[in-house]
Amino acid sequence: TGTLHMGHAFNQTIMDSLTRYHRMRGHNTVWVPGTDHAGIATQIVVERQLQDQKVSRHDLGRKNFVAKVWEWKEKSGNTITGQMRRMGDSVDWSREYFTMDDKLSTVVTDTFVKLYEQGLIYRGKRLVNWDPVLMSAVSDLEVESEEEDGFLWHIAYPLADGSGSLTVATTRPETMLGDVAVMVHPEDERYTHLIGRTVTLPLCNREIPVIADDYVDKAFGTGVVKVTPAHDQNDYAVGQRHQLPMIGVLTLDAKINSNAPAPYVGLDRFVARKKVVADLETLGLLVETKKHKLMVPRCARTGQVIEPMLTDQWFMAMNTVGKGDATGKSIAQKSIDVVQSGEVKFVPENWVNTYNQWMNNIQDWCISRQLWWGHQIPAWYDEDGQVYVARSEEDAQKLAPGKTLRRDEDVLDTWYSSALVPFSTMGWPEKTQDFDLYLPSSVLVTGYDIIFFWVARMIMMTT
């Protein structure tokens, strides 16, 4: 937000007390001040300012827009440090950093290339949290799920042989246009005789199978659920287990695409929802509509309903051992081990359980964002789509002699560069006196809400 609030002031006071106490006791003490570039939040602020002038970032182009963001940063960026000075924080101002500084940006590029060479960073098509207004993937941190009033629609899916129908319960009927199966619990006696048969998908006239999976809650709704792997995280996992096809029916701005029947193509997702429900009613396939409380995921930055979207993104592998890593351990395992051994301690201790629970169930980290403000990913593509990861365009060109290259337009998640701060601020990759003296660091004072998104990721990158 560019300013501190009372919680920050409290946090800073604890840091100041610890630093002054240890300095007065004669310890070699440093408190490093700095700020991150807050990719999504900052881009939104500047875009809103431009909107007031009836200008979009696309009107300006990437280079000019980024220049505008730097302008805003120069105006607002000193507010936090001004507040810290007014509080009398005894930080070492000569070490002040900003994550987009040249020195730190070099470290960002260097670690990306090294992790890519070790096989720990890769590009792939996966289901991510997608904001259709921001037009970017967002992290779990930016998604806030709150209970809202909605509906549970019960829809009849006719058996393909005409012998009856299965009633499916769903809160998002528009996604049925991308259904690839209906699913029941393998031990649900009501439906065991139907497993392996097919139903006709209403409105689409496609035949899809009836499958069995333990994921289904027999007690919820009718005990029959639709499977749309391209638009639901749980369905995606089911689709992987059962080798089901993935049919995406939404464009990146959340309109129905051409994979759906013609009457729905081009409709906004919520307009399409109303039309789907109305058409099902006309066909006599809408069995029941019930009021239903449901958790709706919204982007904390824009307030938009998040869509799980199948897109090409960059990921960091959490559970893979890097090439040439003699420890034989993944990033996640190393991060669990340093806490288990007591090398990293949480105060109070109960946060260890929260940390371990998250680390033990961790998925690969989506590190790309479809923004313009941030560290642009150091990857280039040739005309055939072949990717070349390098520290500079010159180095990439050496890997692809004679080929025309274009740079990946995505930027890295802000937490990626923030995760490097313990060593990027100490002169790494050079072997410096600061690095020897202050890493590993002694204490971090922070809020529990960013244990996963910052603390855990600093542990990952440092170990």
task = Select one label from [x] 28.3, 96; [y] 39.6, 139; [z] 25.6, 85: the one whose number is Rg and Dmax of the Cα atoms in Å as derived from the coordinates shown.
result = [z]
query = According to the square roots a ≥ b ≥ c of the eigenvalues of the Cα gyration tensor, what is the shape class of the range 118-175, taking rounded for a/c under 1.5, prolate for a/b larger than b/c otherwise, and oblate for the remainder?
reply = oblate
Loop-located trypsin sites (Lys or Arg not before Pro) in the range 48-128, at most 12 other Cβ atoms within 10 Å (DSSP) = Lys54
remark   = Ranked output for segments 370-383, 195-208, 428-441 by mean other Cβ atoms within 10 Å, highest leading, reads 370-383, 195-208, 428-441
task = Work out how much length Val287 to Lys114 would gain on full extension: take 0.36 nm times their residue separation and subtract the Cα-Cα distance, in nm to one decimal.
result = 56.7 nm
task = Return the calculated 222 nm mean residue ellipticity for the chain, to the nearest 500 deg cm²/dmol, obtained by summing -39500 (n - 2.57) across DSSP H runs with n ≥ 4 and dividing by the residue count.
result = -9500 deg cm²/dmol
message = For q values of 0.11, 0.15, 0.21, 0.25 Å⁻¹, compute log₁₀ I(q)/I(0) with the Debye formula on a Cα-only model of the range 191-281, without solvent.
response = -0.37, -0.69, -1.23, -1.40
note = Ranking Ser17, Ser417, Ser94 from most to least accessible area with a 1.4 Å probe gives Ser94, Ser17, Ser417
key: Principal-axis tilt of helix 39-52 within the chain, Cα atoms, nearest 10 degrees   = 80
request  = Give a quick list of trypsin sites (Lys or Arg not before Pro) in the range 1-44 that DSSP marks as loop, anything other than H, G, I, E or B, with at most 11 other Cβ atoms within 10 Å.
outcome  = Arg25
inquiry  = Using a 1.4 Å probe on the protein heavy atoms, what percent of the accessible area of the chain belongs to carbon and sulfur?
reply    = 50
request  = Find out how many positive minus negative residues lie around Arg123, taking Lys and Arg as positive, Asp and Glu as negative, among other residues whose Cβ is under 11 Å from that of Arg123.
outcome  = -1
note = Rounded to whole Å², per residue accessible area for the range 147-292 with a 1.4 Å probe reads 47
ask   = Counting only heavy atoms of protein chains, what accessible area per residue, in Å², does the range 300-372 have with a probe of 1.4 Å?
value = 50
ask   = Against the longest principal axis of the chain, how steep is helix 62-76, in degrees 0 to 90 to the nearest 10, with axes from Cα atoms?
value = 60
task = Lys and Arg at +1, Asp and Glu at -1: add these up for the other residues within a Cβ distance under 14 Å of Arg20 and post the number.
result = -1
request  = Using packing as a proxy for protection, rank 133-139, 355-361, 406-412 so that the peptide with the highest average count of other Cβ atoms within 10 Å comes first.
outcome  = 133-139, 406-412, 355-361
remark   = Helix 6-24 sits off the longest principal axis of the Cα atoms of the chain, rounded to the nearest 10 on a 0 to 90 degree scale, by 40
key: Electrostatic dipole magnitude of the range 374-463 [Cβ: Lys, Arg +1; Asp, Glu -1; Cα centre; debye, to 20]   = 200
task = Return one whole number: the accessible area per residue of the range 46-106 in Å², for a 1.4 Å probe.
result = 64
ask   = Placing +1 at every Lys and Arg Cβ and -1 at every Asp and Glu Cβ, with all other atoms neutral, what dipole size does the chain have around its Cα centre, in debye to the nearest 20?
value = 620
task = Compute the Cα gyration tensor for the range 204-244, then decide on rounded, prolate or oblate, letting a ≥ b ≥ c be the square roots of its eigenvalues: rounded whenever a/c is under 1.5, prolate when a/b is larger than b/c in the other cases, and oblate in all that remain.
result = oblate
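The values are calculated or read from the model by the stated rules, or taken from the named source; none is laboratory data. Since the model is a prediction, treat every value here as computed from it, not as a measurement. Note: ideal-geometry Cβ built from the backbone for every residue, glycine included; neighbour counts use all protein chains shown. Ligands, DNA and RNA are excluded from the accessible area calculation, which covers all protein heavy atoms including side chains. Shrake-Rupley method; radii C 1.70, N 1.55, O 1.52, S 1.80 Å.
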